[in-house]
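Visitor: Sharing a structure below in structure tokens format, with a few things to ask.
The values are calculated or read from the model by the stated rules, or taken from the named source; none is laboratory data. As the structure is a computational prediction, the values presented were derived from the model and not from experiment. With ideal geometry, Cβ positions are generated from the backbone for all residues, glycine too; neighbour counts draw on all protein chains shown. Only protein heavy atoms, including side chains, enter the accessible area calculation; ligands, DNA and RNA are left aside. Shrake-Rupley method; radii C 1.70, N 1.55, O 1.52, S 1.80 Å.
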Amino acid sequence: MEVKLNAKVFINRNLFSILVACNNENEKFNNSKENTENIKLENDVLPSITGEIVNIENGRFLVESTTKKLPDGSPDAIWFSTDDIKSLKVGQNVSVWTSAIDTSYPGQASADKVEINEK
């Protein structure tokens, strides 16, 4: 009886150690993932789209990507609304940042930041 009890205690201790070790590794992974996501959100380095303004109407502008194509071969495209529409012209190459894009085609979003690029 004593041998069986010691074996159960030994197994339980080892299982507990394994579970604690796995949990610690999982917490490290989750924390590093959260830190990476926070860095991406805080720095917001990459624009949502870079491309050419192909249309301007009703206080919004349409950008067709010069870098991304959809599976059917058509360019990625997004309509953006902005308060500063007067400084934009059809044919300009721009980079645009936004926090959310409606998933229609073309997409629709509010421009958080617009940079006019030299061709």
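Visitor: Grab the other residues whose beta carbon is less than 14 angstrom from that of Pro106, score K and R as +1, D and E as -1, and report the net.
Guide: On the way: positive: Arg60, Lys68, Lys69; negative: Glu52, Glu57, Glu64, Asp72, Asp76, Asp102.
Charge balance in the 14 Å sphere: -3.
Visitor: Starting from the Cα of Glu57, step 7 Å along the direction of its Cβ; do the same at Thr103; then give the gap between the two resulting points in nm.
Guide: 2.6 nm
Visitor: Can you bin the range 60-119 into rounded, prolate or oblate? Criterion: square roots of the alpha carbon gyration tensor eigenvalues sorted a ≥ b ≥ c, rounded for a/c under 1.5, prolate for a/b above b/c, oblate for the rest.
Guide: Numbers: a/c = 2.01, a/b = 1.28, b/c = 1.57.
Taking the square roots of the gyration eigenvalues as a ≥ b ≥ c, the range 60-119 is oblate.
Visitor: Separate question: What number comes out for accessible area per residue over the range 77-118 if the probe is 1.4 Å? Units Å², please.
Guide: Values: 2560 Å² over 42 residues.
With all protein chains present, the range 77-118 gives 61 Å² per residue.
Visitor: Sticking with this one: With a 1.4 Å probe and all protein chains left in place, how much of the accessible area of the range 60-119 comes from carbon and sulfur atoms, in whole percent? Could you put the intermediate results ahead of the total?
Guide: On the way: 1840 of 3810 Å².
So the carbon and sulfur contribution to the accessible surface is 48 percent.
Visitor: With a/c under 1.5 counting as rounded, go ahead and sort the range 52-93 into rounded, prolate or oblate using the C-alpha gyration tensor (a ≥ b ≥ c being the square roots of the eigenvalues; past the cut-off, prolate if a/b is larger than b/c, else oblate). Present the calculation step by step, with values, prior to reporting the outcome.
Guide: Numbers: a/c = 3.03, a/b = 2.15, b/c = 1.41.
Cα axes put the range 52-93 in the prolate bin.
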